[in-house]
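Report on one structure; see the data block that follows.
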Amino acid sequence: MGEIRHMSEARRRKKRTSARPAPAKKRRPAVRYFDYSMLAVLVFLVCFGLIMLYSSSSYSALVKYNDSMYFLKRQVLFCGMGFFAMYWISQIDYHIYAKYAEKLYWFSIALLFLVRLTPLGKEVNGAKRWIRLPMNQQLQPAEIVKLAVILLIPIILCQLGNRAHKKDGIVKVIIWGFGAAAGVYFLTSNLSSAIIVAGITVCLLFVVHPKTKPFMVLAGGGLTAAIIAVAVLNRMIQDAGSSGSFRLRRVLVWLQPEQYASGSGYQTLQGLYAIGSGGFFGKGLGNSAQKMIIPEVQNDMILSVICEELGVCGVIIILVLFGLLLYRLMFIAQNAPDMYGALVASGIFAHIAIQVILNIAVVTNTIPNTGVTLPFISYGGTSILFLMAEMGIALSISRQIRVEE
């Protein structure tokens with residue numbers, strides 16, 4: 001009996017042991033990700049931009065302000081403020097911006113009206129696009145509009161859900177995005193920024209839309225319309241030459257810059273001379289001759305000086321740096337923890353890509369001069385501050401990415 005009792009107790013213990021679940025494997029803890037690669041590319045791009053800004057602007061700054069480092073000092077100050085803002089913004093959860101995106105949108109539109117309708121609007125070189133600030137500073141509201149659209153359109157797309165790629169959803173997105181673009185164009189006569197705002201909207205729609213065919217048809221139709229418009233302008237060029245239209249004059253300068261070499265086409269033509277004289281390796285850093293005669297060379301036309309001093313090799317370096325920056329933004333968008341983060345990163349990607357393409361096209365006279373700057377390289381306080389703010393938001397999204405050790 002004792003042996004039987006012992007055996008039954010042994011069976012019960014074995015049964016309890018076998019019924020007990022096997023211990024689960026320990027999962028390695030997820031760690032926060034931070035895109036140091038994007039930060040490194042950004043630092044290199046900004047430092048390269050400061051070097052080229054000093055090289056291109058030293059002569060004009062010496063003549064105009066009696067200080068060859070005038071533009072460099074101001075840009076270094078804005079870059080320092082921008083890096084501080086980027087670090088501070090990168091520490092904030094990007095979901096917070098969703099609460100204030102619509103308010104920022106209407107605030108930016110109100111600033112556009114201030115430029116147009118009040119004495120606060122400041123005109124520079126015939127363009128009224130800035131707001132006067134204390135201590136002889138100025139603010140370009142179009143840069144705030146770009147950021148507002150990047151933050152607001154993703155919210156609308158997330159709220160629409162599956163309706164975002166249907167007719168009513170697309171119309172709603174276009175009303176918000178193209179409405180901001182129209183405000184930029186009609187209130188500040190800033191065609192380049194209006195194109196960028198509209199382009200950001202279209203790119204975000206492209207990201208959420210399940211089909212690419214409608215966008216290919218749209219692109220093909222736009223290209224066809226542009227070719228027809230150029231052909232018509234070529235036929236009407238003699239009659240249009242006497243027109244006082246500002247936009248039409250720019251198109252005429254684009255088509256025949258040599259005929260306007262002493263007037264509206266002077267900047268474009270001198271920039272092309274600078275590009276052509278640089279060759280593959282350029283004349284050497286600081287050896288540009290055209291920078292002494294190109295108007296406002298530190299702004300829109302800085303790429304022409306880079307071509308002259310560093311040649312095609314220097315332009316390839318810039319394109320590689322921008323390519324790496326866009327690649328990191330695409331990586332963040334693909335690995336963002338939610339749809340809102342992915343769309344915001346995609347909007348930042350679209351902004352930088354469109355602006356780089358437009359600047360290169362303007363400098364090479366592929367499209368009419370629209371006054372668009374080269375991101376992180378051209379001179380401009382408002383531009384660098386808001387671009388760095390966008391980079392801070394992208395880094396904030398990257399901090400929310402979880403990876404296993």
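The values are calculated or read from the model by the stated rules, or taken from the named source; none is laboratory data. Everything numeric in this text was worked out from a predicted model, so none of it was measured. Reconstructed Cβ throughout: ideal geometry from the backbone, glycine too, with neighbour counts over all protein chains shown. Surface areas here come from the heavy atoms of the whole protein model, side chains and all, with no ligands, DNA or RNA. Shrake-Rupley method; radii C 1.70, N 1.55, O 1.52, S 1.80 Å.
Table for the structure above
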| item | result |
| --- | --- |
| Area of L324 that stays accessible when all protein chains are in place (1.4 Å probe, Å², to 10) | 80 |
| Alpha-carbon centroid distance for the pair the range 357-390 / the range 250-296, whole angstrom | 17 |
| Carbon and sulfur %, accessible surface of the range 276-405 computed with the full protein complex present, 1.4 Å | 68 |
| Separation of alpha-carbon centers, the range 184-210 and the range 108-139, rounded to whole Å | 21 |
| Accessible surface ranking that places the most exposed of H351, H209 first, with a 1.4 angstrom probe | H209, H351 |
| The range 30-130, accessible surface, carbon-and-sulfur percent (1.4 angstrom probe) | 68 |
| Å² of accessible area per residue within the range 48-115, as computed with a 1.4 Å probe and no ligands counted | 56 |
| Given charges at Cβ of Lys, Arg, Asp, Glu: the range 274-340 dipole, positive-most of I302, L326, A274 | A274 |
| Dipole of the range 264-405, positive direction: furthest Cα of A342, T382, G311, with charges on the beta-carbon | G311 |
| Modelled FRET efficiency - R0 30 Å, K166 with R116, Cβ distances, 0.05 increments | 0.30 |
| Computed accessible area, S304, all protein chains, 1.4 angstrom probe, square angstrom | 0 |
| For the range 302-405: rounded, prolate or oblate by the Cα gyration tensor [a/c cutoff 1.5] | prolate |
| Heavy-atom SASA rank of F386, F280, F376 (probe 1.4 Å, accessible area, largest first) | F280, F386, F376 |
| Cα-projected label distance for A85 with I174, points at 7 Å along beta-carbon direction, nm | 3.3 |
| Residues of the range 255-320: accessible area per residue with a 1.4 Å probe, Å² | 44 |
| Too-long pairs where the Cα-Cα distance tops 18 Å, listed order kept, from K167/K211; K64/K122; K122/K291; K73/K146 | K64/K122; K122/K291; K73/K146 |
| Residue-normalised accessible area of the range 132-171, given per residue in Å² at a 1.4 Å probe | 48 |
